[in-house]
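Colleague: One structure, as structure tokens, below. Some questions next.
The values are calculated or read from the model by the stated rules, or taken from the named source; none is laboratory data. Nothing here was measured: the structure is a model prediction, and the numbers come from that model. Cβ: placed from backbone, ideal geometry, glycine included. Neighbour counts: every protein chain shown. Calculation scope for accessible area: heavy atoms of the full protein, side chains included, ligands and nucleic acids excluded. Shrake-Rupley method; radii C 1.70, N 1.55, O 1.52, S 1.80 Å.
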Amino acid sequence: MAGTKVKVSGFEMQFSEGIEVNDFYQELESISKTQDINVGQYTTRVFTRIVDGLAVGLILTFRDDKKKLATERDDSGQLKVNRVELKEDQTSTEASLFCFNPTTKCGVFTHYSGSASVSVYASIFGQAHKNVKNRLVSQKVDEYSRGGSRGDISKIKSRVQRELGGSFSFKYIYQEKDLDQILDNVKSLSEVEVITELGVPDEPIFRHIGSIAKKTTQTITFLDKFKVIDNLRGHLSNFIHDVLGKKDKKYALRLIGASLSGQRIQYWIGNNIEEYGHFDYDQYVDDLPEKVWDEYYECPALANIISIVLRGSETFGEIKSVNKWDKYKSLSDSLPKPDLESVKTDSLKSNEDFKDDKLPPLQIEMYL
């Protein structure tokens, strides 16, 4: 029985022209801890501070559910229903940690079902960006309108909007993967999906499982004689080269199967969301703060994701002093510096942890 995996994914932000990271971060700090923020079906609370030049934080998501179901097997072998009920003053909670380099606006965050997703982050961080931009627009309109006539205001506002062009975005970091990179990181493949304008051409290695219309997703699998990976690799390479290489025709190919750690995975030929490992949920919970959420900045789970950003300068950029981006002074600056190295654990897993000399060759499962 598989447990929940807490994924660690990369993200990058973009700001409007003229929006500085020091103003953005000050605004993010101002909404942190002081108020709940409603995002869709969730109520959230944000915590953040600077640690070793990195912006780190925690987003809690709350739900009103008071009961959960659990199952146990009784002495007769039947499955027994259990209802786990929270206390009156307790709230169902999930936790997502984040860490980013303020100078590049790139970082990582943890996520799983029920925790803060990309859309939740985009909403909260986007609100901080919006508040800063609105203030800057007002300031510039006031500045440009001094001494001008009332009739010039609309032109001034248009000018300011052009100067502060662009918008906020929060999105996954994507990395391009070719066939070899994908096959080196999967334990088994179960199927292949081809998204195509023209329909999947006849290929001797594939059996079509189903299709709907001309512009659709078609699922195909492998004939028995091509279950050996050495045979498959060459034929699949030819298929990708011949079909995806057609000019002015839209094709995409996705491989579906299991990762080396046993998780269900899907990879596209081309850009894929970059994952930086995962925690087992039970261990992740143990690696969160022991007593109060305010102490998130010295918990083992955060120490692990900070190490990802510190090691990944090619992706996340060089870590610079807060003086380089003119951070405003805040109360969190007076907090003691956490000793993260001493609390870091080996609970963060990556595909490399599941690779060894005894790993069996990639298996191609039949899907009938």
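Colleague: Among the numbered conditions (1) surrounded by fewer than 16 Cβ atoms within 10 Å (Cβ to Cβ); (2) within 18 Å of Y25 (Cα to Cα); (3) not small (G, A, S), tell me where V322 comes up short.
Modeller: Failing condition for V322: (1).
Colleague: Counting only residues that are open to solvent by less than 50 Å² (accessible area, probe 1.4 Å) and touching a residue at least 12 places away in the same chain (Cβ under 8 Å), give me the strands (runs of 3 or more DSSP E) lying completely in region 40-124 with at least 3 of them. I'd like the intermediate steps shown before the answer.
Modeller: On the way: elements: 42-51, 54-63, 67-73, 79-85, 92-101, 106-111.
Once the strands (runs of 3 or more DSSP E) in region 40-124 are filtered for at least 3 residues that are open to solvent by less than 50 Å² (accessible area, probe 1.4 Å) and touching a residue at least 12 places away in the same chain (Cβ under 8 Å), what remains is 42-51, 54-63, 92-101, 106-111.
Colleague: Considering region 19-36 alone, what residues qualify as being in contact with a strand residue (DSSP E or B) (Cβ under 7 Å, 6 or more places away or on another chain) and either open to solvent by 80 Å² or more (accessible area, probe 1.4 Å) or modelled with pLDDT under 90 (or both)? Can you show your working first?
Modeller: The initial filter retains those residues of region 19-36 that are in contact with a strand residue (DSSP E or B) (Cβ under 7 Å, 6 or more places away or on another chain), namely 25, 28-29, 31-33, 36.
Correct list: I31, S32, K33, D36.
Colleague: Could I ask something else about it? Out of region 325-344, which residues are open to solvent by 50 Å² or more (accessible area, probe 1.4 Å) and either under 25 Å from the mean Cα position of the chain (by Cα) or not acidic (D, E) (or both)? If you could, list the steps in order and put the result at the bottom.
Modeller: The first filter runs over region 325-344 and keeps only residues open to solvent by 50 Å² or more (accessible area, probe 1.4 Å), leaving 326, 328-329, 331, 333-337, 339, 341-342, 344.
Scanning region 325-344 gives Y328, K329, L331, S334, L335, P336, K337, E341, S342, K344.
Colleague: Quick one: in region 119-152, of everything that is at pLDDT 90 or above and of a type in the set (F, W, Y), which residue is farthest from F15 (Cα to Cα)?
Modeller: Y121
Colleague: Still on this model: Within region 1-15, which residues are out of contact with any strand residue (DSSP E or B) (no Cβ under 8 Å at 6 or more places or on another chain) and either in a strand (DSSP E or B) or crowded, with 19+ Cβ neighbours inside 10 Å (or both)?
Modeller: F15
Colleague: Taking the condition open to solvent by less than 10 Å² (accessible area, probe 1.4 Å), at pLDDT 90 or above, among the aliphatic types (A, V, I, L, M) and under 17 Å from T110 (Cβ atoms), does L288 pass? Please lay out each step first, then the result.
Modeller: On the way: open to solvent by less than 10 Å² (accessible area, probe 1.4 Å): no; at pLDDT 90 or above: yes; among the aliphatic types (A, V, I, L, M): yes; under 17 Å from T110 (Cβ atoms): yes.
For L288, the condition - open to solvent by less than 10 Å² (accessible area, probe 1.4 Å), at pLDDT 90 or above, among the aliphatic types (A, V, I, L, M) and under 17 Å from T110 (Cβ atoms) - is not met.
Residue-wise test of (1) over 16 Å from the mean Cα position of the chain (by Cα); (2) without any contact (Cβ under 8 Å) to a residue 40 or more places away in the chain; (3) not in a loop (DSSP other than H, G, I, E, B).
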residue	(1), (2), (3)
I265	no, no, yes
K291	yes, yes, no
E295	yes, yes, yes
A303	yes, no, yes
